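Enquirer: Sharing a structure, written as structure tokens. Questions coming.
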Amino acid sequence: MILYRFPFTGLLRELLSIGLLELIKKSGIQLIEKPGINEEVAETLINICEDFEKNLSGVGSSKIVLNDKNAYFNKTQRLVKWYGKTEEIPEDYLQLMFYTLRGTSKLLKKNKVNFIQSLQNVSIGREIVLGNKYNNSLAIVPAVIKQAEFYEHQHEFLKPTAGREPEILLDPIWFTLMAIGFLKCFSGYYDKKYHFITKEGVESILDNPELTRIISDAISYVAEAHIRKKPLPYCEELYELTLSHDIALGGKAISPLAYPLKLYEITLIGNAYTCINTMLIDLTDSVSYLNEYINRLRSVGILENVQVKIREEVYESPIHALLEIANRELKSTVEGDNAMLTLIFVKDLYRAIHVRRIEFVEETLLRLLRTAQAVLSTRSGISMLLREALKAFINHRHVEILLSIGSIIEA
């Protein structure tokens, strides 16, 4: 596999690998030269583009920085040379990726570029060139990816491995694989930060359809939950439980074979996009626990009885409401006796799930029940959401269910 020859690691390699994985999964193609493969890939690119446009409708990203806009459309016009002039120039990075997929699909349909030949051509010198020039043009990597790897923020391991800031240039095929990976792994742009969910080493399983499906599904489930919930990865326990509850609420299951996944958090510092955080993610135990929790609430018919409703807001379970409160605590200053109360409980619950000891779960629940009773006896300083969440939590049938699923922790 040509990806093994890459002299660089990190976000770009992972996006390229996952982009190729997604293309293979959607099209069923084999990476060999055969008649009609360009047409097959062209049709798949349109299908992928339409799926992502639908799934990411209403989701925003940052505007394309001036250097990229000049390189692609204004001065050197690297993408204009590929796809021709257009009245509608993409304004942000998501639109840039959609534009790329549609443009490369047209080139493939007209056999202007060759899919397999591009994949097979990697040139390593003072520059790293992936693919073949088209119309005497190659494109630079977008700043949000390139700069994130070149400008480290107290992360020594993010230094490039191909030498001193080598230029990486892509042809239409490789730029499109990067675009697919970008769209697949994109997990939201919020709090002025990009979030990507990736996986290392994907190139080693591209010939395994089952593993390809497992990893593709896992990235989708976590990325979609990320976009919906917009969690902050500053408290690992709360971050993982927030994602896990959303995945479990949707009835999704992720194979342990998909883990670990990897989070990148990227923001603009000064004039450069910088990777400020990376984190390995394994939601196996927490998704399993919360799947069981939600299923048992539904099976005994009390899910509606323990929903937490505040005005137009509806939380599907007490844990759902407590996770929301804990996220609010993390994002704002909470004063008084109940400062960080829920966040502390969430951390205890996370440890109980991962320690896999039922007595730890029982101790955690007992501690919260005592605290809940004390909080509910207070008449002031308690938000309505916290009060209603605690009332639902101490419902005796809800407590029985929490205790009953402790057995799966030790299983």
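The values are calculated or read from the model by the stated rules, or taken from the named source; none is laboratory data. Owing to the predicted nature of the structure, the values given are computational and were not obtained by experimental measurement. Don't worry about glycine lacking a Cβ; one is built from the backbone with ideal geometry, like all the others, and counts go over all protein chains shown.
Enquirer: Scan (1) within 27 Å of residue 215 (Cα to Cα); (2) aromatic (Phe, Trp, Tyr); (3) under 23 Å from the mean Cα position of the chain (by Cα) for the single condition residue 293 breaks and write down its number.
Expert: Here residue 293 meets the rest and fails (3).
Enquirer: Considering only the range 174-233, state which residues are of a type in the set (Phe, Trp, Tyr) and without any contact (Cβ under 8 Å) to a residue 60 or more places away in the chain.
Expert: 190, 221
Enquirer: A follow-up question, please. Answer yes or no as to whether residue 337 is surrounded by fewer than 16 Cβ atoms within 10 Å (Cβ to Cβ), modelled with pLDDT of 90 or more, more than 20 Å from residue 400 (Cβ to Cβ) and charged (D, E, K, R).
Expert: Criteria not met by residue 337.
Enquirer: Would you check if residue 152 is surrounded by fewer than 24 Cβ atoms within 10 Å (Cβ to Cβ), of a type outside the set (Lys, Arg) and either at negative phi or modelled with pLDDT of 95 or more (or both)?
Expert: Yes, satisfied.
Enquirer: Next up: For residue 310, state whether it is touching a Cys at 6+ places or on another chain (Cβ under 7 Å) and either at negative phi or of a type outside the set (A, V, I, L, M, F, W, C) (or both).
Expert: On the way: touching a Cys at 6+ places or on another chain (Cβ under 7 Å): no; either at negative phi or of a type outside the set (A, V, I, L, M, F, W, C) (or both): yes.
So residue 310 does not fit the description; no.
Enquirer: Turning to a different aspect of this structure: Against the conditions (1) in a helix (DSSP H, G or I); (2) at pLDDT 95 or above; (3) within 26 Å of residue 129 (Cβ to Cβ); (4) of a type outside the set (A, V, I, L, M, F, W, C), where does residue 54 fall short? Just the number, please.
Expert: Residue 54 satisfies all of (1) in a helix (DSSP H, G or I); (2) at pLDDT 95 or above; (3) within 26 Å of residue 129 (Cβ to Cβ); (4) of a type outside the set (A, V, I, L, M, F, W, C) except (3).
Enquirer: Still on this structure, please answer the following. Tell me, which residue of the range 244-290 that is over 17 Å from the mean Cα position of the chain (by Cα) and not in a helix (DSSP H, G or I) is surrounded by the most Cβ atoms within 10 Å (Cβ to Cβ)?
Expert: Looking at residues that are over 17 Å from the mean Cα position of the chain (by Cα) and not in a helix (DSSP H, G or I), I get 273.
Enquirer: Condition test on residue 185, is it at pLDDT below 95 and not aromatic (Phe, Trp, Tyr)?
Expert: Spelling it out, it is not the case that residue 185 is at pLDDT below 95 and not aromatic (Phe, Trp, Tyr).
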